[in-house]
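Q: I'd like to ask some things about the structure below.
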């Protein structure tokens, strides 16, 4: 456990000035700010629709969630997975990293958990900024009735699903970025994956839930399963299974990695 904590601290210090780290903070702020600005400038038209508070929150949060789930999150995960491993590729520090008395499992697990932590921070801030900006909008436009309904349960459910559904993409891209050090292969494969995932999700292919790149989009549908759950759906189980299997595969790739 001590070795894992040391490795996690090392990952933070190495990446705290990178775009992948700051994007986890800036993306939620910028997108939520743009959505809030749109609702502020179009407040007269929106108020004419006479949305009840719950529907108003769903409409408002859905504007950010739709962009996040189908486009921003997959691209961010792909770039961030590349960035976490590219630090070692770019500086040629794999040999130095593995020379430490920490063990390859601790080093590999710390890198993976750090990537998971960045996704969690990004989505947590999305939920927090959505909540805060909604109440700020009511201060600026008192006719909005955001305060009449608490969206915490709604936001928690949607963003928790997005978080779990992103782990499949992360695991695929994490392995790809371990194998290849250049920028084009991980980003190119990820880009093709996003296009394919978007197509199969939009066409409602029955096996779309098996495609990691389609899982964030599917997570936003909130369809109930046979047992009545609208949270642990097929896409979430598939994402978790993919993450578990590929995490193990990734460790064996690191364990056998040749350090020149």
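Q: Convex hull volume of the Cα atoms in the chain, per residue, in Å³?
A: Details: hull volume 37.6 nm³, N = 260.
It is 145 Å³ per residue.
Q: With an 8 Å cut-off on Cα pairs and a minimum separation of 6 or more residues, tell me the relative contact order of the chain in percent.
A: Worked out over the chain, it gives 26 percent.
Q: Next question, about the same structure. For the chain, modelled as a GNM with alpha-carbon contacts under 10 angstrom, which of 170, 184, 49 fluctuates the most?
A: Of the options given, 49 has the highest mean-square fluctuation.
Q: Of 230, 148, 182, which is the most mobile in a GNM of the chain whose springs link Cα atoms less than 10 angstrom apart?
A: For the chain, modelled as a Gaussian network with Cα springs under 10 Å, the answer is 148.
Q: With everything on Cα atoms, drop me the angle between helix 104-140 and the longest principal axis of the chain, reported from 0 to 90° to the nearest 10.
A: For helix 104-140, the angle is close to 10 degrees.
Q: Across the range 150-215, how large is the tail of the calculated P(r) beyond 14 Å, expressed as a percent of all Cα pairs? Mind showing how you got there, number by number?
A: Working: 1375 of 2145 pairs.
So the portion of pairs separated by more than 14 Å is 64 percent.
Q: While we're on this one: What is the range 36-117 by shape, rounded, prolate or oblate, if you read a ≥ b ≥ c off the alpha carbon gyration tensor as root eigenvalues and call it rounded for a/c under 1.5, prolate for a/b larger than b/c, and oblate otherwise? Display every interim value, and only then the final one.
A: On the way: a/c = 5.52, a/b = 3.57, b/c = 1.55.
Taking the square roots of the gyration eigenvalues as a ≥ b ≥ c, the range 36-117 is prolate.
Q: Say we join alpha carbon atoms closer than 10 Å with springs in a Gaussian network model of the chain; which of 77, 55, 211 then has the biggest fluctuation?
A: Per the Cα network of the chain with a 10 Å cutoff, 55 tops the list.
Q: In addition: Only counting other Cβ atoms within 10 Å, I'd like 175, 78, 199 sorted with the fewest neighbours first. Write out the running numbers ahead of the final one.
A: Working: 175 19, 78 25, 199 14.
Placing the least packed residue first, the sequence is 199, 175, 78.
Q: Working from Cα positions, state the angle (0 to 90°, nearest 10) between the long axis of helix 19-41 and the longest principal axis of the chain.
A: The angle comes out at about 10 degrees.
Q: Here's another thing I want to ask about it. Give me 218, 140 ranked fewest to most by other Cβ atoms within 10 Å of their Cβ, as a rough exposure proxy. Please report the intermediate quantities before stating the final value.
A: On the way: 218 25, 140 11.
Lowest to highest Cβ neighbour count: 140, 218.
Q: I would also like to ask the following. Per Stokes-Einstein, at 4 °C and 1.567 mPa s, what whole-number D in µm² s⁻¹ belongs to the range 98-211, with the Kirkwood radius over Cα pairs as the hydrodynamic radius?
A: On the way: Rh = 17.4 Å.
D, rounded to a whole number, is 74 µm²/s.
Q: I would also like to ask the following. Can you tell me the length gained on complete extension of the stretch residue 45 to residue 90, counting 0.36 nm per residue apart and subtracting the Cα distance?
A: Using 0.36 nm per residue and subtracting the Cα-Cα distance, I get 11.1 nm.
Q: Between the helical axis of 2-15 and the dominant principal axis of the chain, each derived from Cα atoms, what acute angle in degrees is found, rounded to the nearest 10?
A: Roughly 70 degrees between the two axes.
Q: Which order results if 118, 102 are arranged by neighbouring Cβ count within 10 Å, fewest first? Mind showing how you got there, number by number?
A: Numbers: 118 25, 102 17.
Lowest count first: 102, 118.
Readers should treat all values here as calculations from the given coordinates under stated rules, not as data from a laboratory. Predicted model only: the values in this text are computed from it and were never measured. As a convention, Cβ positions derive from the backbone with ideal geometry for all residues, glycine included, and neighbour counts pool all protein chains shown.
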